[in-house]
Amino acid sequence: MFSLTNMHMHMPPPTSIFSAYASMTATIMLLRTMTNEFIPQPIRGYLFKAFRYFIKPHSTDLTLIVEESNGIARNQVYDAAQTYLSTKVSPDNERLKVSKSSKEKKLTIRLEKGEKLVDSFNGVFFKWRFICTESDKNSPNDNNNNSNSTRSEKKYFELSFHKKHKEMVLEYYLPFILEKAKEMKDEERVLKMHTLNTSYHHNGKWDSINLEHPSTFETLAMESELKKEVIDDLDRFVKRKEFYKRVGRAWKRGYLLYGPPGTGKSSLIAAMANYLKFDIYDLQLVNIVRDSDLRNLLLATANRSILVIEDIDCTVDLPNRRHGDGRKQSDVQLTLSGLLNFIDGLWSSCGDERIIIFTTNHKERLDPALIRPGRMDKHINMSYCSYEGFKVLASNYLEISSDHHYFGEIKGLIENTQITPAQVAEELMKDDDIETTLEGFMKLLKRKKMEGDVCENDTEDNVNANGNKSKRHKLTLSGLLNFIDGLWSSCGDERIIIFTTNHKERLDPALIRPGRMDKHINMSYCSYEGFKVLASNYLEISSDHHYFGEIKGLIENTQITPAQVAEELMKDDDIETTLEGFMKLLKRKKMEGDVCENDTEDNVNANGNKSKRHKVSSCKLKRGVGIGNRIGAATQRRTRSFGR
């Protein structure tokens, strides 16, 4: 029987164990020395790898890497996996991303970096892991200036499974995920509007927001025949995939929308997107520096989308390929040739089912090569509001049919008047009472017809009358108009936009037309009613003061601002002294014929050219102008007297 005593009797003494260990160690050192002396290093490395290969345990798993992008194009497998795996989260996941927009039906769930999950398909289990790494990347033109570095993200999925299922994964599992993700997106598709993120310098990236523009073909103020023509053209386009392939053309179509501001060009674009369920990519050319940037953006644009360049004629000054006068364009590397290649060149075939839309107020300014068939295939004239368009707007805004007793008279008036749908819509929003609204609209039509008033939005909107475009700036009139009343203005609710100016006449008519600046409020000089309010606020007196009668007669014929009145009312604590001083000011201004300082001409050059900007207060400058006028008038009087 085995016992501890027997084990102790058969155990060798420690000296024997130590001697055996020393002998084995010496043998190993001898073998190592002989190996290093007689066997070359490359052969030793090969033998070592072979030894490790035989003793290393072999893995039965295969791992596929699914990256976010495939070179410079987006990876559809990555997008599909992201959508599909959002439905496969389990209680084992510890970190998830959750989001929801106002128009999405339910929460959107995404894996956080480092998270894993297990999916099953046909009885086989697949392990997924989401990985995201970040790194700093300097711009190629920053001259090693770290302040211009940008943050670069690399996102990818790891898919692990048994090697024997490789064929199943490639032929069945991944195609299943692609199809399932497509079904999910079609069921809960929320249209997106994309814009260029300029923080990535020359490597532009699209950022997106939900497209919430409510425009549809039913609400557009267009001729019914033109509306049907556009819808039929869109239907024919989306059904012709095999046709475009057979004739050897890229599956895309171009639309040129032209006409005066306020005629519904942006609304038509939104209606097309809502009808086709296409995303919108809003491209501002002023943010593009090089032709290669256009190609990169095109490759980052998804299929089934609408690419929009609004106000193409005034967005950017493109060097014309036909002018070979040797002009240097070192600061601008975006050319007309690059834009043409972007629309209809070899790169335009990198994607399917895309629509490209240009808008302009002045079709005649565009290069013919830019709008020829094959680039802009269909030209749509968005003109002034017709009677058919008015009926649509009346139905939308007033909820009335075309049998109203005023409609006959309106039909005769509107057919001979240039008025935009935006102006009509603004007029129909002025009162809740239908009769009052239509009567006011007829008065507007009669006034415009009687005065021969051309629609304000048809005026020339070029700053330079000779048609020369000014130096390229990052902020353009086109960008500002799109911000106020373009596609992006629908990204939010219950907002008010306010502009202020001292000179309304200097503003571009397209900037202040109805639909953009709906109500114009003239903040004029102080009236007697305004003075009474200020007197109550500053002096705490009512309108029965004995000085008020005289003040009423003086202030009605004097140009004085509320700010000047308030300043005068703060000069003394005694009411009588204050009002007497205020009356002296009114009498002096009336006697001298001194125009209120805020109404003086603030242009230094009478020909309209703006002088160099200085940090001189406008108050001092205008006072100087007033003194100069008085000195000039006095000199004129002395000259006439001397002549006589």
When the residues of the range 362-396 are filtered to those that are among the basic types (Lys, Arg) and in contact with a strand residue (DSSP E or B) (Cβ under 9 Å, 6 or more places away or on another chain), which remaining residue is nearest to Lys252 (Cα to Cα)? Arg375
Are any residues in the range 550-577 of a type in the set (S, T, N, Q), under 54 Å from the mean Cα position of the chain (by Cα) and open to solvent by less than 70 Å² (accessible area, probe 1.4 Å), and if so, which ones? Thr558, Thr561, Gln564
Looking only at residues that are modelled with pLDDT under 90 and over 25 Å from the mean Cα position of the chain (by Cα) in the range 366-385, which one is surrounded by the fewest Cβ atoms within 10 Å (Cβ to Cβ)? Pro368
Just to confirm my filter: which helices (runs of 4 or more DSSP H) fall fully inside the range 511-585 and include at least 3 residues that are among the basic types (Lys, Arg) and modelled with pLDDT of 85 or more? none
Restricting the search to the range 380-423, which residues are free of Cβ contacts under 8 Å to residues at least 24 places away in the same chain and in a helix (DSSP H, G or I)? Lys391, Ser395, Phe407, Gly408, Gly412
Just name the residue that is nearest to the chain's Cα centre (by Cα) out of those in the range 175-191 that are outside any helix (DSSP H, G or I) and surrounded by 15 or more Cβ atoms within 10 Å (Cβ to Cβ). Leu191
From the list Glu427, Glu439, which residue is more than 15 Å from Thr263 (Cβ to Cβ) and open to solvent by 60 Å² or more (accessible area, probe 1.4 Å)? Glu439
Matching residues, the range 230-269, being open to solvent by less than 10 Å² (accessible area, probe 1.4 Å) and either in a strand (DSSP E or B) or of a type in the set (Phe, Trp, Tyr) (or both): Phe237, Gly254, Tyr255, Leu256, Leu257
Among the candidates Asp311, Asp344, single out the residue that is outside the structural domain of Ala80 (by TED's automatic domain parsing), at pLDDT below 85 and open to solvent by 10 Å² or more (accessible area, probe 1.4 Å). Asp344
Give me the pairs: first residue in the range 256-274 and under 11 Å from Ala221 (Cβ atoms), second residue assigned to a helix (DSSP H, G or I) and open to solvent by 10 Å² or more (accessible area, probe 1.4 Å), beta-carbon distance under 8 Å, and six or more apart or on different chains, which are they? Gly262/Pro421; Gly262/Ala422; Gly262/Gln423; Thr263/Pro421; Thr263/Ala422; Gly264/Pro421; Gly264/Ala422
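The values are calculated or read from the model by the stated rules, or taken from the named source; none is laboratory data. Every value quoted in this text rests on a predicted model; they were computed, and no experiment measured them. Ideal geometry is used to build each Cβ from the backbone, glycine not excepted, and the neighbour counts take in all protein chains shown. For accessibility, only protein heavy atoms count, side chains too; no ligands or nucleic acids. Shrake-Rupley method; radii C 1.70, N 1.55, O 1.52, S 1.80 Å.
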